[in-house]
1. Mind checking which residues of segment 419-443 are farther than 17 Å from residue 245 by Cα and free of Cβ contacts under 8 Å to residues at least 60 places away in the same chain?
2. Do we have any residue at all in segment 12-20 that's modelled with pLDDT of 95 or more, within 9 Å of ligand 1 (Cβ to nearest atom) and either buried (at least 24 other Cβ atoms within 10 Å of the Cβ) or in a helix (DSSP H, G or I) (or both)?
3. With the condition kept exactly as written, say whether any residue in segment 81-95 is buried (at least 19 other Cβ atoms within 10 Å of the Cβ) and within 13 Å of ligand 2 (Cβ to nearest atom).
4. Return a yes/no flag: does segment 462-485 have any residue that is at pLDDT below 90 and touching a helix residue (DSSP H, G or I) at 6+ places or on another chain (Cβ under 7 Å).
5. Among (1) within 20 Å of the chain's Cα centre (by Cα); (2) within 16 Å of ligand 2 (Cβ to nearest atom); (3) within 30 Å of residue 30 (Cβ to Cβ), which single condition is residue 219 missing?
6. Going by the structure shown, is residue 453 over 18 Å from residue 51 (Cβ atoms) and out of contact with any strand residue (DSSP E or B) (no Cβ under 6 Å at 6 or more places or on another chain)?
7. So for segment 407-423 (the condition being more than 16 Å from ligand 2 (Cβ to nearest atom), in contact with a helix residue (DSSP H, G or I) (Cβ under 8 Å, 6 or more places away or on another chain) and modelled with pLDDT of 90 or more), does at least one residue qualify?
8. All but one of (1) under 20 Å from residue 433 (Cβ atoms); (2) touching a helix residue (DSSP H, G or I) at 6+ places or on another chain (Cβ under 7 Å) hold for residue 251; which doesn't?
Ligand SMILES: Nc1ncnc2c1ncn2[C@@H]1O[C@H](COP(=O)(O)OP(=O)(O)OP(=O)(O)O)[C@@H](O)[C@H]1O
Ligand SMILES: [Mg+2]
């Protein structure tokens with residue numbers, strides 16, 4: 001038997017963490033109703049369920065951010081107190097959050113070493129801190145500049161730094177709530193390798209993802225929750241995709257097939273768009289009733305392009321035209337006026353109005369539609385909200401609940417619903433199904449297809465190959481700020497997209 005650094009024995013299958021009969025309500029709304037969960041050493045354990053099933057709530061209870069109303073959490077068979085993040089941390093639990101939690105004005109070194117400046121023998125020297133941070137960073141994201149500040153990191157880098165922090169703290173239980181949503185395929189592969197390494201050292205990992213391919217690739221077993229209830233736990237080798245989906249949503253999810261569309265006249269033109277160090281000479285046209293996908297890897301400049309077109313970011317030169325008329329740059333208001341809608345990638349940060357209700361968030365960009373003689377009609381706001389909420393199956397206690405009380409995926413559906421309700425002429429969607437569950441993903445795909453059929457021009461940014469194959473009429477691939485490939489429908493394949501995205505020959 002090999003005894004590892006963490007003091008655990010490989011292959012022992014020791015129970016690291018148990019959550020027994022956990023109940024949790026938020027102001028009367030049931031989030032968890034008697035769920036169980038057990039994590040063993042050396043396993044990656046998927047926690048699965050549709051949006052709002054209670055995954056993040058359990059994770060927050062385990063990591064000490066929420067108290068449960070009933071039940072107990074045991075680490076190595078010892079009960080840990082509720083609502084005490086320090087106690088959870090001390091017990092060896094480290095949590096990587098859905099949105100990274102770095103301190104913006106601290107360097108990578110300080111972010112990794114947060115809380116470890118005081119060592120057993122006094123203050124750790126700056127040199128020592130740097131050495132430890134470098135060690136951890138090298139295991140996750142080698143080559144990252146240690147002097148960058150938290151706010152200078154991409155979401156992907158930020159999350160990797162959070163993982164490095166957990167490694168440097170020698171966590172024994174690692175909780176990852178949707179860690180792969182902002183990572184490129186290569187970064188995901190690197191993360192999975194790190195996870196395999198941790199597993200072999202006896203560390204237990206709780207892993208949440210809405211991508212079943214990832215579950216089958218990295219997880220040893222799964223536990224499924226549905227509507228806050230425990231459905232079951234099973235070894236991955238005894239499961240297939242359909243069984244898992246049925247456990248999660250209790251029905252089958254319709255399988256969509258690519259539709260043939262007949263795009264109409266040109267509506268959006270982008271001409272020679274340049275932004276120093278970000279975008280180089282981007283030109284393309286988008287037609288009515290067409291879905292144009294922008295493929296590429298995280299960091300290729302796709303989000304920046306979308307932000308420049310919509311006017312949230314400035315550009316140096318070039319033009320964006322609607323119906324051959326240039327639209328003023330740097331003005332989202334002007335963009336909305338000419339009929340452009342934009343669902344941003346970072347929906348929690350940029351898409352949501354944090355202090356407003358679900359209803360207000362649904363109708364935020366619709367003011368002209370819901371205003372009658374200058375008054376905002378709450379009834380029509382409610383109608384629109386209820387309609388979108390039903391279409392996207394948003395799970396919310398009520399339309400009057402604060403948006404921040406919704407689960408991650410449900411809040412994202414609200415931002416998407418807001419723009420779908422407005423029916424813009426051009427809709428830019430940046431990773432629209434990131435973080436939404438399998439059922440809602442299919443629904444969003446269906447709606448995007450329907451809207452294109454009704455004449456809407458859709459600019460779709462996605463890193464998900466099945467989404468590219470299902471929805472695209474044409475694909476532009478970006479690499480390092482420029483368009484590296486243009487593919488029409490018959491040329492689109494995983495190989496062609498990947499080879500333009502990475503400049504590498506793809507051999508199968
Ligand atoms: N702070 C809160 N106040 C009120 N209700 C909350 C709060 N946090 C979560 N909820 C509710 O608890 C339920 C479970 O939410 P949770 O965030 O755990 O879901 P999830 O499984 O993580 O979903 P997702 O896949 O969308 O991230 C949801 O109905 C949500 O609205
Ligand atoms: Mg969640």
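The values are calculated or read from the model by the stated rules, or taken from the named source; none is laboratory data. Computed from a prediction, not measured in an experiment: that's the story for all the values here. Ideal geometry is used to build each Cβ from the backbone, glycine not excepted, and the neighbour counts take in all protein chains shown.
1. We begin by selecting, within segment 419-443, every residue farther than 17 Å from residue 245 by Cα; these are 419-432, 434.
Within segment 419-443, 420, 421, 423 meet the criteria.
2. The answer is no; no qualifying residue exists.
3. Among the residues of segment 81-95, at least one is buried (at least 19 other Cβ atoms within 10 Å of the Cβ) and within 13 Å of ligand 2 (Cβ to nearest atom), which makes the answer yes.
4. Within segment 462-485, one or more residues are at pLDDT below 90 and touching a helix residue (DSSP H, G or I) at 6+ places or on another chain (Cβ under 7 Å).
5. Looking at each condition in turn, residue 219 falls short on (2).
6. Numbers: over 18 Å from residue 51 (Cβ atoms): yes; out of contact with any strand residue (DSSP E or B) (no Cβ under 6 Å at 6 or more places or on another chain): yes.
Yes, satisfied.
7. Our first condition is that a residue be more than 16 Å from ligand 2 (Cβ to nearest atom); within segment 407-423, this holds for 416-423.
Subsequent filtering for residues that are in contact with a helix residue (DSSP H, G or I) (Cβ under 8 Å, 6 or more places away or on another chain) retains 416-423.
From what is left, the residues that are modelled with pLDDT of 90 or more are none.
No.
8. (2)
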